[in-house]
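The values are calculated or read from the model by the stated rules, or taken from the named source; none is laboratory data. Not measured: the values here are computed from a predicted model. Don't worry about glycine lacking a Cβ; one is built from the backbone with ideal geometry, like all the others, and counts go over all protein chains shown. With ligands, DNA and RNA removed, areas are computed over all heavy atoms of the protein, side chains included. Shrake-Rupley method; radii C 1.70, N 1.55, O 1.52, S 1.80 Å.
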Amino acid sequence: MKRLISFLIGLIVFLGIGALALMVFDIPQLSDIQRQLSGYEWFEPMLYILTALIVFIALIFLLFAFSTSYKKRGIYERFEDGDIYITKQTIENHVKQAIEKYDDVRQPTVAVKLHQRSKDSYLDIMIDMFVTRPDTQVLFEQMYSDIKASTEQFAEMPVRHLKFQPIDQKELRRRVI
């Protein structure tokens with residue numbers, strides 16, 4: 001709803017710019033008003049400054065209207081047996097709890113993006129972590145299936161992307177406990 005209102009305000013502002021532009025061009029019906037206003041020294045620079053300011057504000061509103069929706073703090077879903085609202089932080093905490101059972105993973109950082117569409121919603125999860133085990137591929141396969149299944153069951157939404165990013169301790173130059 002906010003994006004629709006932002007789009008409408010941006011559209012109205014652009015129409016206002018059109019009205020201001022009419023003051024610049026010679027139009028016979030507005031010539032008396034134009035002559036009277038153009039007699040003032042401040043009118044023309046003020047007209048250009050006001051137009052530029054309104055264009056800038058309109059662009060901000062229009063860009064906001066077409067921005068992605070995954071920056072929400074939560075998703076509201078309707079089901080046959082009731083409604084559910086789940087927050088981004090709740091899903092992140094659940095993923096961290098699922099990671100805690102793996103002893104070879106240290107200091108996980110979880111980032112969740114929520115995507116809500118009219119027909120279906122889904123999650124994107126990215127996990128940064130230190131891994132102490134040398135064979136990370138086997139560990140990631142185990143974690144992938146475990147985290148994906150538990151998160152989909154918990155959130156009742158599909159996980160579209162689940163990405164693991166191991167962090168190299170030597171690059172960070174800090175001690176991992």
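Identify the residue in the stretch 120-164 that is charged (D, E, K, R) and under 19 Å from the mean Cα position of the chain (by Cα) and, among all such residues, is nearest to H94 (Cα to Cα). Spell out the reasoning first.
Initial filter on the stretch 120-164 (charged (D, E, K, R)): 120, 124, 128, 133, 135, 141, 146, 148, 152, 156, 160, 163.
Okay, now just the ones that are also under 19 Å from the mean Cα position of the chain (by Cα), so 120, 124, 160, 163.
Working: D120: 21, D124: 14, R160: 17, K163: 16 Å.
Within the stretch 120-164, the match that is nearest to H94 (Cα to Cα) is D124.
Looking only at residues in the stretch 83-119 that are among the basic types (K, R) and under 15 Å from M143 (Cα atoms), which one is nearest to the chain's Cα centre (by Cα)?
As a first pass, look at the stretch 83-119 and keep what is among the basic types (K, R): 88, 96, 101, 106, 113, 117, 119.
Narrowing the set further to residues that are under 15 Å from M143 (Cα atoms) leaves 96, 101, 106.
Numbers: K96: 22, K101: 31, R106: 28 Å.
The residue in question is K96.
Of the numbered conditions (1) under 30 Å from R117 (Cβ atoms); (2) open to solvent by less than 80 Å² (accessible area, probe 1.4 Å), I5 fails exactly one; give the number of that condition.
Result: I5 fails condition (2) only.
Looking only at residues in the stretch 80-107 that are open to solvent by 70 Å² or more (accessible area, probe 1.4 Å) and over 19 Å from T132 (Cα atoms), which one is modelled with the highest pLDDT? Give the steps one after another, and end with the answer.
Applying the first criterion (open to solvent by 70 Å² or more (accessible area, probe 1.4 Å)) to the stretch 80-107 yields 80-81, 83, 85, 89, 93, 96-97, 100-101, 103, 106-107.
Now drop any that are not over 19 Å from T132 (Cα atoms), which leaves 80-81, 83, 85, 89, 93.
Working: E80: 80, D81: 83, D83: 80, Y85: 82, Q89: 89, N93: 92.
Checking each candidate, the answer is N93.
With respect to the numbered conditions (1) open to solvent by 70 Å² or more (accessible area, probe 1.4 Å); (2) over 30 Å from F140 (Cα atoms); (3) not small (G, A, S), which one is the sole condition not fulfilled by V55?
(1)
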